[in-house]
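The values are calculated or read from the model by the stated rules, or taken from the named source; none is laboratory data. Since the structure is predicted, the reported quantities are computational estimates derived from the model, not experimental observations. Note that we place each Cβ from the backbone using ideal geometry, even for glycine, and neighbour counts take in every protein chain shown.
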Amino acid sequence: MDKGNGLARVREPNAESEQKILSEVSHELGNFFHKLYYWAEYLGDREPAKEGDVTAGEMLQGTIKGLQDFLKTVLDYLVPVELNIVRMTADDLLNSLVGKLATRLCSTPLDVNRPEVLGSVGILVDPARISHALEITVSQIGHQVGDASRIEVAIGTAIGEGRQGIEIRVAIKHPAGDSALFRSTEASVEWALAEKLFHLHGGNISQHVGGGEERGVGIFLPATG
């Protein structure tokens with residue numbers, strides 16, 4: 001990948017990084033179960049018709065839903081993945097990402113730089129897995145978008161691990177919310193899953209921070225003939 005675009009290379013997952021993720025998983029599960037026990041005890045001590053039961057019930061349901069989603073992400077990260085590879089074009093990938101961004105961030109201005117010469121470049125992907133990776137990417141971007149933000153998406157050629165490929169760059173202008181560098185454990189596990197899925201396709205995903213006025217994400221995937 002070009003060094004001049006400010007995007008850091010993502011290293012291949014190793015035993016140390018996986019152990020760190022598992023440690024964070026264990027801690028987060030403890031937090032979830034603590035909340036479950038607290039709200040279950042709270043509801044058990046109250047009369048069903050008394051004021052406040054609906055709020056407590058909603059809190060319990062939200063906690064359980066959060067636990068369910070978190071466990072699914074953990075399992076997706078830990079379970080070995082088999083890819084069903086098909087050929088797509090760079091334009092197909094770009095359209096998928098832009099569509100997900102437009103759906104989630106419908107009120108945020110979105111500019112796309114789409115050189116026609118790159119549209120037919122081929123990539124080999126598992127459509128379901130790469131879609132999941134893009135959904136995580138869009139979710140992480142969404143947490144950093146505010147009322148004054150706008151999104152710029154560009155696609156270009158790049159070199160990664162000695163291979164020619166394509167790179168999609170998503171820039172968040174005037175970001176808001178949490179920086180990508182200070183995410184929750186749940187978001188960290190999601191990001192690790194996205195890294196894993198892109199890595200399985202021979203590519204990577206990386207982040208960059210351009211001062212306080214810009215943050216961004218870069219996605220690299222090798223091209224095929």
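State whether the residues of segment 84-96 include one that is in a strand (DSSP E or B) and within 19 Å of ASN204 (Cβ to Cβ).
Yes, some residue in segment 84-96 is in a strand (DSSP E or B) and within 19 Å of ASN204 (Cβ to Cβ).
Please give the number of the condition GLU190 fails out of (1) over 16 Å from the mean Cα position of the chain (by Cα); (2) closer than 24 Å to LEU67 by Cβ.
(1)
Quick one: would you say GLU152 is acidic (Asp, Glu), surrounded by fewer than 16 Cβ atoms within 10 Å (Cβ to Cβ), more than 26 Å from THR185 (Cβ to Cβ) and out of contact with any Ser or Thr (no Cβ under 6 Å at 6 or more places or on another chain)?
no
Within the set of pairs 6 or more residues apart or between chains, which connect a residue that is among the β-branched types (Val, Ile, Thr) inside segment 25-36 to a residue that is in a helix (DSSP H, G or I) with Cβ atoms less than 6 Å apart?
VAL25/VAL74
Considering (1) in a strand (DSSP E or B); (2) without any contact (Cβ under 8 Å) to a residue 24 or more places away in the chain, say which one GLU152 fails and leave the rest.
Only one criterion in (1) in a strand (DSSP E or B); (2) without any contact (Cβ under 8 Å) to a residue 24 or more places away in the chain is unmet by GLU152, namely (2).
For segment 114-137, give me the residue count where each residue is over 18 Å from TYR77 (Cα atoms), among the aliphatic types (A, V, I, L, M) and in a helix (DSSP H, G or I).
2
Can you find even one residue in segment 126-143 that is touching a His at 6+ places or on another chain (Cβ under 8 Å), under 17 Å from ASN95 (Cα atoms) and surrounded by fewer than 22 Cβ atoms within 10 Å (Cβ to Cβ)?
Yes: one or more hits.
For segment 89-124, name all the residues that are surrounded by 14 or more Cβ atoms within 10 Å (Cβ to Cβ), under 18 Å from GLY156 (Cα atoms) and hydrophobic (A, V, I, L, M, F, W, C).
Listed by number, the residues that qualify are ALA90, LEU93, LEU94, LEU97, VAL98, LEU110, VAL112, LEU118, VAL121, ILE123, LEU124.
Of the numbered conditions (1) in a helix (DSSP H, G or I); (2) within 22 Å of GLU190 (Cβ to Cβ); (3) in contact with a helix residue (DSSP H, G or I) (Cβ under 8 Å, 6 or more places away or on another chain), LYS65 satisfies every one except a single condition; which is it?
Failed condition: (3).
From the list VAL54, VAL74, VAL81, exactly one residue is modelled with pLDDT under 90, outside any helix (DSSP H, G or I) and either surrounded by fewer than 14 Cβ atoms within 10 Å (Cβ to Cβ) or not polar (S, T, N, Q) (or both). Which is it?
Result: VAL81 is the single residue among VAL54, VAL74, VAL81 that is modelled with pLDDT under 90, outside any helix (DSSP H, G or I) and either surrounded by fewer than 14 Cβ atoms within 10 Å (Cβ to Cβ) or not polar (S, T, N, Q) (or both).
Every residue, every condition in (1) among the small types (Gly, Ala, Ser); (2) out of contact with any Leu (no Cβ under 7 Å at 6 or more places or on another chain), yes or no:
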residue: PHE70; (1), (2): no, yes
residue: PRO80; (1), (2): no, yes
residue: ASN95; (1), (2): no, yes
residue: PRO109; (1), (2): no, yes
residue: PRO115; (1), (2): no, yes
residue: ALA148; (1), (2): yes, yes
residue: ILE151; (1), (2): no, no
residue: GLY160; (1), (2): yes, yes
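Can you report the number of residues in segment 97-113 which are part of a helix (DSSP H, G or I) and out of contact with any helix residue (DSSP H, G or I) (no Cβ under 6 Å at 6 or more places or on another chain)?
4
Evaluate the following for GLY165: is it surrounded by fewer than 16 Cβ atoms within 10 Å (Cβ to Cβ) and not basic (Lys, Arg)?
no
Can you name the residue in segment 1-40 that is at pLDDT 75 or above and of a type in the set (Asp, Glu) and, of all such residues, is surrounded by the most Cβ atoms within 10 Å (Cβ to Cβ)?
GLU28
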